[in-house]
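Asks: Take a look at this one; I'll ask things after.
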């Protein structure tokens, strides 16, 4: 199975927003530059996230986007649903053993993604960034 690029990029954007101070608006171009992602693609994800109420946006010189809710209240499941509408698109044919397997897998994945918050992802990213930060010796 593959994680859609749209979902991964959206989570990266939200992780960056969750790592900063609350209510700090960051322009899409800045998000794209810092994450090394295409700006147009970031803008598309931000639009979807805005429609879902996950981010808020503001135009103008001090504009950009910010989390609409605290990072502790936003889950990966919320993001996946906002971007693609379903956690796992599975066949829904009655009487098929394979369909039952996919439905159970979707249920387990849905539960897990509903437990992981943006706050947790941002904390882990800060820890990974600290490990990779250059050390200077005098």
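Asks: Can you tell me which residue in region 85-97 is modelled with the highest pLDDT, limited to those that are in contact with a helix residue (DSSP H, G or I) (Cβ under 6 Å, 6 or more places away or on another chain) and within 26 Å of residue 51 (Cβ to Cβ)?
Replies: That would be 87.
Asks: Taking region 74-93 only, how many residues are out of contact with any strand residue (DSSP E or B) (no Cβ under 6 Å at 6 or more places or on another chain) and buried (at least 17 other Cβ atoms within 10 Å of the Cβ)?
Replies: 11
Asks: For residues in region 98-130 being part of a helix (DSSP H, G or I) and in contact with a helix residue (DSSP H, G or I) (Cβ under 8 Å, 6 or more places away or on another chain), which is modelled with the lowest pLDDT?
Replies: This residue is 126.
Asks: Being in contact with a strand residue (DSSP E or B) (Cβ under 7 Å, 6 or more places away or on another chain) and closer than 22 Å to residue 111 by Cβ is the requirement here; does residue 71 meet it?
Replies: Answer is yes for this residue.
Asks: Residue check: is residue 55 surrounded by 15 or more Cβ atoms within 10 Å (Cβ to Cβ) and touching a strand residue (DSSP E or B) at 6+ places or on another chain (Cβ under 6 Å)?
Replies: yes
Asks: Step by step: first the residues of region 64-73, then only those that are surrounded by 15 or more Cβ atoms within 10 Å (Cβ to Cβ) and either touching a helix residue (DSSP H, G or I) at 6+ places or on another chain (Cβ under 6 Å) or assigned to a strand (DSSP E or B) (or both), then the one that is modelled with the lowest pLDDT. Which residue is that?
Replies: 64
Asks: Checking the conditions here, which among 16, 31 is buried (at least 19 other Cβ atoms within 10 Å of the Cβ) and either touching a residue at least 60 places away in the same chain (Cβ under 8 Å) or not in a strand (DSSP E or B) (or both)?
Replies: Only one candidate qualifies: 31.
Asks: What pairs come out if I take residues in region 104-128 that are in contact (Cβ under 8 Å) with a residue 12 or more places away in the chain and pair them with residues that are assigned to a helix (DSSP H, G or I) and surrounded by fewer than 16 Cβ atoms within 10 Å (Cβ to Cβ) whose C-beta lies under 9 Å away, six or more apart or interchain?
Replies: Short answer, once both residue conditions are applied: 117/72; 117/73; 118/72; 118/73; 119/72; 119/73.
Asks: Looking only at region 74-97, count how many residues are part of a helix (DSSP H, G or I) and under 23 Å from residue 5 (Cα atoms).
Replies: Total satisfying the criteria: 9.
The values are calculated or read from the model by the stated rules, or taken from the named source; none is laboratory data. Since the structure is predicted, the reported quantities are computational estimates derived from the model, not experimental observations. FYI the Cβ positions are ideal-geometry reconstructions off the backbone, even for glycines, and counts take in every protein chain you see.
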